[in-house]
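Since the structure comes first, as structure tokens, the remarks are kept for the end.
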Amino acid sequence: MQTYDFIIVGSGSAGSVLAERLSASGRFSVLVLEAGGTDRRFYVQMPLGYGKTFFDPAVNWNYKAEPDPGLAGNADHWPRGKLLGGSSSINAMVYIRGAREDFDAWAAAGNPGWSYDDLLPAFKALEDNEAGANQWRGVGGPLRITDCSEAVHPLTKRYLAAAQQAGLPFNPDFNGVSQEGVGIYQITTKDGRRMSTARAFLRPAIRRKNVRVETNALATRILFEGKRAVGVEYEQNGETKSVRSGREVILCGGSINSPQLLQLSGVGPSALLAGLGIPVVHANENVGANLQDHVGINYTFKGRLPTLNQILRPWWGKLLVGMQYILLRSGPLSLSMNNAGGFFRTDPALARPNMQLYFQAFSTVIPKSGERPILTPDPWPGFSIGLSNCRPSSRGEIMIRSKNPRDYPRITPHAYSTNADVDEMLAAVKFVRKIAAMPAMAEIIEEEVLPGPSITSDADLIEDFRKRSGTVYHPVSTCRMGPDASRAVVDPRLRVHGIAGLRVIDASIFPDNITGNTNAASILTGWKGAELVLEDQK
């Protein structure tokens, strides 16, 4: 059996970073196992192409949650990247680190080294921000971050003006001194192409002789000797293979696949494992539990001014923006669908924002089979103001349903299962309407399409957001970090409690969700995790 110093399971937002950092000195050999294939696909590299990857089984796990009473019984679609770069290769590319208070709370919960001041140097080191270096931003790092302020659709300026008329300050940088206010999102692109972690970190690592990447390699089981992880079993091209780790096995599968692999390998809730006939290596009730996710909804309007709909829908418009993208790597196809957004408080008494805004200068009310119809929007000038909660109190779980590694786990989000989450969303959707009612927006709105002017009472608004809300693809905490083995899966150094030679390094370790999009913090977790691994090598 071949032996590597480190086996990394998953080449996603954290795994690709780990592969680069652990191999950089040349001292250690690294194997990366990726269940999916290559990221060298046109619609992966083209930023707005992620509408095409949203349901594509070639690059997407296409998970489906259980029917959720909190979402009026809907079974939500949960896309997850199944390719090099993981979900950083199919996401909306918005770069939000999270709030200072998020990370300070992690440290205060008994996780030394995870405060904002501890992590800021790492954030700055991994970034190459087009907006330039300052006290908060970094330049010269592997991850290019694009400043879109000159490229967004003109309608974005009306949204920013309306939000300011509604009482929110303008915020030039959500990753700066504070998050509150409205502004234009920075995104992970470079020269008009997606800047996934595969592009930023894994490609440079692959050139090294001490790195091997195996694609289409589905990890099926962690191999143990007693309570020590010593290798990984995986399936590739119909064959079952095994590989041994000389130092550590590191799970980077994300909030679905990392707890799934632990459970399949005998690390998890004892009753669940016993019921499925899986021998218990180490019982831990927290594996797969404590699921947190951001849930969002769009309010959609028909406008009196042209939006991206008029460009992206007709054949000649597609040809125009296609040529602009291919020849110049610019135009709408080089951007995210979320041009701008912001953070606000649903109650002025709150110490900090609890809601996130998104502005999209197009609309997709009319569905299209088999894809998220970003590239085929509605035939009338439409736009959307979306929002999602930042720190919901609802908790769900992700549990395997059989011992077959190809069976998808059971995802139970329990969205809007607390009164607090319902109350804050009710206040939030009313604020979206307040923004739309401000002069800068109201004068160009023909009508509210969704949910429509007939939905006005609190009961109707709640019924509407239960029916129409869904995940905004930020699941975390299913292998959460903490010093207490009875309440967490990994310790503050990301070592699995009760097991030697095994770590989890991805968004599943977040003790709590962060305020904003989770990809930046996932990349940071890979960077910080690599530091911890290297420090612990004798």
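The values are calculated or read from the model by the stated rules, or taken from the named source; none is laboratory data. No experiment lies behind these values; they were computed from the predicted model shown. Note that we place each Cβ from the backbone using ideal geometry, even for glycine, and neighbour counts take in every protein chain shown. Quick note on the areas: whole protein, heavy atoms, side chains included, nothing else; ligands and nucleic acids left out. Shrake-Rupley method; radii C 1.70, N 1.55, O 1.52, S 1.80 Å.
Looking at (1) in contact with a strand residue (DSSP E or B) (Cβ under 6 Å, 6 or more places away or on another chain); (2) of a type outside the set (K, R); (3) part of a strand (DSSP E or B), which is the only condition F224 fails?
The one condition F224 does not meet is (1).
Answer yes or no as to whether I400 is in contact (Cβ under 8 Å) with a residue 40 or more places away in the chain, on the phi < 0 side of the Ramachandran plot, more than 20 Å from the chain's Cα centre (by Cα) and surrounded by 20 or more Cβ atoms within 10 Å (Cβ to Cβ).
Values: in contact (Cβ under 8 Å) with a residue 40 or more places away in the chain: yes; on the phi < 0 side of the Ramachandran plot: yes; more than 20 Å from the chain's Cα centre (by Cα): yes; surrounded by 20 or more Cβ atoms within 10 Å (Cβ to Cβ): yes.
Judged against the criteria, I400 is a match.
Quick check, is I250 within 20 Å of the chain's Cα centre (by Cα) and assigned to a strand (DSSP E or B)?
On the way: within 20 Å of the chain's Cα centre (by Cα): yes; assigned to a strand (DSSP E or B): yes.
Yes: the conditions hold for I250.
For segment 97-131, give me the residue count where each residue is more than 27 Å from L202 (Cβ to Cβ), of a type in the set (D, E) and in a loop (DSSP other than H, G, I, E, B).
Total meeting the criteria: 0.
Those residues that are open to solvent by 10 Å² or more (accessible area, probe 1.4 Å) and touching a Gly at 6+ places or on another chain (Cβ under 8 Å), I need them from segment 13-28; list them, please.
If the condition is that a residue be open to solvent by 10 Å² or more (accessible area, probe 1.4 Å) and touching a Gly at 6+ places or on another chain (Cβ under 8 Å), then S13, R21 are the ones that fit.
Which residues, taken from segment 132-148, are open to solvent by 40 Å² or more (accessible area, probe 1.4 Å) and either in a loop (DSSP other than H, G, I, E, B) or more than 20 Å from G85 (Cα to Cα) (or both)?
Of everything in segment 132-148, those that are open to solvent by 40 Å² or more (accessible area, probe 1.4 Å) and either in a loop (DSSP other than H, G, I, E, B) or more than 20 Å from G85 (Cα to Cα) (or both) turn out to be A133, N134, Q135, W136, V139, G140, P142, D147.
Which one of the conditions (1) open to solvent by less than 10 Å² (accessible area, probe 1.4 Å); (2) free of Cβ contacts under 8 Å to residues at least 12 places away in the same chain; (3) under 30 Å from P381 (Cα atoms) does M323 fail to meet, given that it meets all the rest?
(1)
Say whether the condition of being touching a Cys at 6+ places or on another chain (Cβ under 9 Å) and under 21 Å from V422 (Cβ atoms) is met by at least one residue in segment 465-480.
no
Go through (1) free of Cβ contacts under 8 Å to residues at least 60 places away in the same chain; (2) within 20 Å of the chain's Cα centre (by Cα) and name the single condition E150 misses.
Condition not satisfied by E150: (2).
Surrounded by fewer than 21 Cβ atoms within 10 Å (Cβ to Cβ), touching a helix residue (DSSP H, G or I) at 6+ places or on another chain (Cβ under 6 Å), modelled with pLDDT of 95 or more and closer than 24 Å to M46 by Cβ: is that true of R193 in this structure?
It is true that R193 is surrounded by fewer than 21 Cβ atoms within 10 Å (Cβ to Cβ), touching a helix residue (DSSP H, G or I) at 6+ places or on another chain (Cβ under 6 Å), modelled with pLDDT of 95 or more and closer than 24 Å to M46 by Cβ.
With segment 438-538 as the region, which helices (runs of 4 or more DSSP H) entirely inside it contain at least 1 residues that are in contact with a Gly (Cβ under 6 Å, 6 or more places away or on another chain)?
519-535
Could you give me the residue pairs with C-beta distances under 8 Å whose first residue belongs to segment 357-375 and is closer than 15 Å to L450 by Cβ, whose second residue is surrounded by fewer than 16 Cβ atoms within 10 Å (Cβ to Cβ) and modelled with pLDDT of 80 or more wherever it lies, and which are 6+ apart or on separate chains?
Here the result reads I366/P379; P373/I366, each pair linking segment 357-375 to a residue that is surrounded by fewer than 16 Cβ atoms within 10 Å (Cβ to Cβ) and modelled with pLDDT of 80 or more.
For V243, indicate whether it is open to solvent by less than 20 Å² (accessible area, probe 1.4 Å), within 25 Å of R80 (Cβ to Cβ), touching a strand residue (DSSP E or B) at 6+ places or on another chain (Cβ under 6 Å) and not in a loop (DSSP other than H, G, I, E, B).
Spelling it out, V243 is indeed open to solvent by less than 20 Å² (accessible area, probe 1.4 Å), within 25 Å of R80 (Cβ to Cβ), touching a strand residue (DSSP E or B) at 6+ places or on another chain (Cβ under 6 Å) and not in a loop (DSSP other than H, G, I, E, B).
Please determine, by comparing only the residues of segment 410-464 that are hydroxyl-bearing (S, T, Y) and touching a residue at least 60 places away in the same chain (Cβ under 8 Å), which one is farthest from G181 (Cα to Cα). Break it down into steps so the answer makes sense when it comes.
Narrowing segment 410-464 to residues hydroxyl-bearing (S, T, Y): 412, 416-418, 454, 456-457.
Adding the requirement that they be touching a residue at least 60 places away in the same chain (Cβ under 8 Å) leaves 412, 416-417.
Numbers: T412: 33, Y416: 25, S417: 28 Å.
Ranking the qualifying residues of segment 410-464, first place goes to T412.
For V295, indicate whether it is under 22 Å from G529 (Cα atoms) and touching a residue at least 24 places away in the same chain (Cβ under 8 Å).
Criteria not met by V295.
Could you check, for segment 109-116, whether at least one of its residues is in contact with a helix residue (DSSP H, G or I) (Cβ under 7 Å, 6 or more places away or on another chain) and buried (at least 18 other Cβ atoms within 10 Å of the Cβ)?
yes
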